[in-house]
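First up is the structure itself, then whatever we jot down about it.
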Amino acid sequence: MIKSSRIHYITQSMPNKSHQQLALDACQAGVKLVQLRLKDTEAKEMFEIALETQKICNRFEAKLIINDHLDLAISIDADGVHLGNEDTDHEVARKELGQNKIIGATAYNEKDMIYHQQRGYADYIGLGTFRKTATKPEIKEFLSLLEIKALIDKQKQNYDKPIPLLVIGGVKITDIPPLLSIGVYGIAIASLLNESDDKKMTFEKILNAFKQAEIKDEGNG
């Protein structure tokens, strides 16, 4: 059973809005999973931000997962954690969090994907980067639609239980149907919602793109 949402919303550092306000705006728009991504923040402040964000998520019945910081996820009893390849080992995270929490992994290429697939500790794999994104400006290499399809095909051919893939990095609303059509489970978004002037309408368009893809799939079935 997949515990994770097909749409992950990620907070990011912005000049005029706190992570808590971003999470509130996203939840009001309809988001059901928030990934709190705190960078260059002191431990005490991270704890306070995480607690406040958790209260917001609870109010809207949304899940909260913490990016990078397993200790923080444990301390507030978050719904899960997303760990990069240089963060805490996923095996350690599973032992610490138990089976009922969400654990996300990161894959930039086939090697990363196979590594996480073979180990089997992750509930989903964040696959990217798809396009240039403000969240990770240091990334210089990107995965095309064809490259992602090739990875998904290999995953399905070689594993009985493929780990769901969420594409991350500059995903646009028009990208959603083609991504879903090749077997992508879902998407992760940040700037797409954070920079929107009408977040509720933007999120409705995202949901409609998912619905259209499902209708198209049914029509081809």
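The values are calculated or read from the model by the stated rules, or taken from the named source; none is laboratory data. Computed from a prediction, not measured in an experiment: that's the story for all the values here. Because the Cβ atoms are built from the backbone with ideal geometry, glycine has one as well, and the counts that use them run over all protein chains shown.
Summary of computed values
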read-out: Pairs where the first residue, in the range 173-187, is closer than 12 Å to Ala209 by Cα and the second is of a type outside the set (D, E, K, R) and assigned to a loop (DSSP other than H, G, I, E, B), C-beta under 8 Å, 6+ apart; value: Asp175/Phe130; Leu179/Val171; Gly186/Ser4; Gly186/Ser5; Gly186/Pro164; Ile187/Val171
read-out: Cβ pairs under 8 Å, 6+ apart, first in the range 204-220 and of a type in the set (Gly, Ala, Ser), second at pLDDT 80 or above; value: Ala209/Ile173; Ala209/Thr174; Ala209/Ile176; Ala209/Pro177; Ala213/Ile176; Ala213/Pro177; Ala213/Leu180; Ala213/Ser181
read-out: Criterion: surrounded by 15 or more Cβ atoms within 10 Å (Cβ to Cβ), under 14 Å from the mean Cα position of the chain (by Cα) and modelled with pLDDT of 95 or more - qualifying residue of Gly128, Gly104; value: Gly104
read-out: Every residue from the range 21-69 that is of a type in the set (Ser, Thr, Tyr) and modelled with pLDDT of 95 or more; value: Thr53
read-out: Count of the range 170-189 residues which are in a loop (DSSP other than H, G, I, E, B) and touching a helix residue (DSSP H, G or I) at 6+ places or on another chain (Cβ under 9 Å); value: 6
read-out: Leading residue by the ranking (modelled with the lowest pLDDT) among those in the range 137-157 that are exposed (fewer than 15 other Cβ atoms within 10 Å of the Cβ) and in a loop (DSSP other than H, G, I, E, B); value: Lys140
read-out: Scope the range 204-216; condition more than 15 Å from Gly186 (Cα to Cα), of a type outside the set (A, V, I, L, M) and modelled with pLDDT under 95; matching residues; value: Lys216
read-out: Residue, surrounded by the fewest Cβ atoms within 10 Å (Cβ to Cβ), within the range 188-203, restricted to residues that are among the polar types (S, T, N, Q) and touching a residue at least 40 places away in the same chain (Cβ under 8 Å); value: Ser191
read-out: Any pair with Cβ under 6 angstrom, 6 or more apart, that starts in the range 93-117 at a residue that is more than 20 Å from Asp160 (Cβ to Cβ) and ends at one that is at pLDDT below 95; value: Ile102/Lys3; Ile102/Ser4; Thr106/Gly84; Thr106/Asn85
read-out: Filter result for Asp79 (loosely packed, with under 13 Cβ neighbours inside 10 Å, more than 18 Å from Ile168 (Cα to Cα) and at pLDDT 95 or above); value: no
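Yes/no matrix, rows are residues, columns are (1) surrounded by fewer than 16 Cβ atoms within 10 Å (Cβ to Cβ); (2) within 29 Å of Lys205 (Cα to Cα):
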position: Cys27; (1), (2): no, yes
position: Arg37; (1), (2): no, yes
position: Thr53; (1), (2): no, yes
position: Ala62; (1), (2): no, yes
position: Ile66; (1), (2): no, yes
position: Leu70; (1), (2): no, no
position: Ala93; (1), (2): no, no
position: Glu96; (1), (2): yes, no
position: Gln99; (1), (2): yes, no
